[in-house]
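This report refers to the structure that appears directly beneath it.
The values are calculated or read from the model by the stated rules, or taken from the named source; none is laboratory data. Here the structure is a predicted model, which is why all the values come from computation and not from measurement. Quick reminder, even Gly has a Cβ in these numbers, built from the backbone with ideal geometry, and neighbours come from all protein chains shown. Each accessible area value is taken on the protein alone, full model and side chains, heavy atoms only, with ligands, DNA and RNA left out. Shrake-Rupley method; radii C 1.70, N 1.55, O 1.52, S 1.80 Å.
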Amino acid sequence: MLISIKYGNSSPVFKKFSLLLQNIATMPSTQLCSTVTFANGYYNNYKELVNKVTGHIFSFISRFRYHIVIILGVLIVGVFDENSFRRRMECYYQIEDLNTEIAKYEKQYQHDMERLKELKTNPDAMAKIARERYFMKADDEDIFVLSDDEQPSKGKNLYETTE
């Protein structure tokens, strides 16, 4: 196989690439299969390539070792650790939700305690609740329920029936 390339005013990269093509064209097929080609040259075996790559990796690590340690430390503390910033924010929002729930139940407790106190002190309050909520009546009374099918208000207890 004959490759003829005219250089003329071409760039050095083009010249290097054309020389590489000529070398590949003249190589035997067994050597061509084991060759790894890169822009800056070619390597006849993989050991040279592995040694060069690992050398670059080790030189990069040795040059930036403090930066790498700082970045890994921040990642471990900030993201992966059990006490990470992410976990702290999740716990903070969970605590806020639980505090609002506690406030809601305390308010409901105070309301129920007032009603219980009223039921204990006023005997007519028990009859009023029995008539309004549970449709109980005295022997000489008739009950007429007028409803416009509206949803119960928030102040009413959900466990009591109004029908």
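Using a Förster distance of 45 Å, how high is the FRET efficiency between ASN99 and GLU132, based on the Cβ-Cβ distance and rounded to 0.05?
It comes to 0.85.
Taking the Cβ-Cβ separation of LEU19 and VAL53 as r and a Förster radius of 30 Å, what is the calculated FRET efficiency to the nearest 0.05?
Between LEU19 and VAL53 the formula returns 0.80.
Just how much of SER147 is accessible, in Å², when a 1.4 Å probe is used and the result is rounded to the nearest 10?
80
For the stretch 71-138, build the charge dipole from Cβ charges (+1 Lys, Arg; -1 Asp, Glu) around the Cα centre, then report which of MET89, VAL77, ALA127 sits farthest towards its positive end.
Selected residue: ALA127.
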